[in-house]
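Below you'll find the structure, written out as structure tokens, and then a few comments.
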Amino acid sequence: MKHSPCARVDPELMFPEPQNTHAVKTAKSICEDCAFLAECRELALAPATRSPYGVWGGLSEAERRDAIRREKRGRARRALYPAKAA
Ligand code: SF4
């Protein structure tokens, strides 16, 4: 997104080594005031547009994996127990 904060920094900053917690925090802080945060996060989690690498939508690689895993578990649970889902 052309006018987003990440477009104004060194692209390497948005792709920190996952184990470098300081660098991941720095990348996430770049997203904090982004006007496109919600839209970017949605794209970052959507099957057709997600990437396993980098910080997107304020989420680290691990956070996105967890969110996707939770979503899949929720879908499976709702399919198995539709009456309990609400
Ligand atoms: S939320 Fe998305 S568009 Fe905004 S700064 Fe972060 S990675 Fe860039």
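The values are calculated or read from the model by the stated rules, or taken from the named source; none is laboratory data. Note that this is a predicted model, so its numbers are computed, not measured. Cβ coordinates were reconstructed from backbone atoms using ideal geometry, including for glycine residues, and neighbour counts include every protein chain displayed. For accessibility, only protein heavy atoms count, side chains too; no ligands or nucleic acids. Shrake-Rupley method; radii C 1.70, N 1.55, O 1.52, S 1.80 Å.
Things worth noting here:
- Note on region 44-77: residues that are in contact with a helix residue (DSSP H, G or I) (Cβ under 6 Å, 6 or more places away or on another chain), hydrophobic (A, V, I, L, M, F, W, C) and open to solvent by 60 Å² or more (accessible area, probe 1.4 Å) total 1.
- Qualifying residue in region 31-43 (condition: in a loop (DSSP other than H, G, I, E, B), modelled with pLDDT under 95 and open to solvent by 90 Å² or more (accessible area, probe 1.4 Å)): yes
- Count of region 30-64 residues which are among the β-branched types (Val, Ile, Thr) and more than 8 Å from the ligand (Cβ to nearest atom): 1
- Residue in region 12-20 that is assigned to a helix (DSSP H, G or I), among the charged types (D, E, K, R), more than 9 Å from the ligand (Cβ to nearest atom) and open to solvent by less than 100 Å² (accessible area, probe 1.4 Å) present: no
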